[in-house]
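Engineer: Pasting in a structure now, in structure tokens, and then I'll have a few things to ask.
What follows is calculated from the coordinates using simple rules that are stated; it is not laboratory data. Bear in mind that the values here come from a model prediction, so they are computed numbers and not experimental data. We place every Cβ from the backbone using ideal geometry, glycine too, and count neighbours over all the protein chains shown.
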């Protein structure tokens, strides 16, 4: 028994002396950490080639549907030759603008007259109004010659209608001419004032004669004769005004322009 105990003690003593006072640690399988010298040593590995750029190149824009990529480029325009005369556009005639709703001034006929020979808007309106009243007087005179003198009632009705028509035309014309004032084309002449005054006076006479005839008996031939005389006097005065146009200081070109006005064709001398 003592012998086995001694063997065990010897074995134990041997183990303790060989392995230390504790269990020996298991060997570490991880590779050893690099030392300071190895970390600062230059690497002998070859450099890696540069990789692709982080941003891919942008592809050029594709040509539009209607563009031919094979078409030849358009040459840039060259500078104009300073010695080459440029074309001059034809000038346009300048028209005088008038009052809205009213006709514009009439330009002189082609082939004659200077810019001073044209009519301004006011003068054109003035003469157009005057000619319209004169035209009414001329048509009244023609109708007066065809009055049926054998039928008293018909004669009175016809005379009354002519007095009213001509009286209204002259009243309206006198008011319009007064509103327009003296036409610039005759600024140095007193003729426009004479015309306006004559038309206003004749209009009053015609209106008064119409009132008298309307109140008379249809068989009263004296009232009808008086009304006819009033019409004849009025148309004669209108004709005298037309003839006095020849005394106005107007150029031949201006007179030609007056003849082109809507109401003056065939009226003015």
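Engineer: Gain in length, residue 208 to residue 194, computed as 0.36 nm per residue apart minus the alpha-carbon separation, to one decimal in nm?
Structural biologist: 2.9 nm
Engineer: If you average the sequence gap of Cα pairs under 8 Å that are 6 or more apart and divide by the length of the range 115-258, what percent do you get for the contact order?
Structural biologist: 36
Engineer: Order by neighbour count: 171, 140, fewest other Cβ atoms within 10 Å first, most last.
Structural biologist: Listed from fewest to most nearby Cβ atoms, that is 171, 140.
Engineer: Listed highest first by mean packing, meaning other Cβ atoms within 10 Å per residue, what order do 219-225, 143-149 come in?
Structural biologist: 219-225, 143-149
Engineer: Take the Cβ-Cβ distance between residue 255 and residue 152 as r, set R0 to 45 Å, and report the resulting FRET efficiency rounded to the nearest 0.05.
Structural biologist: 0.50
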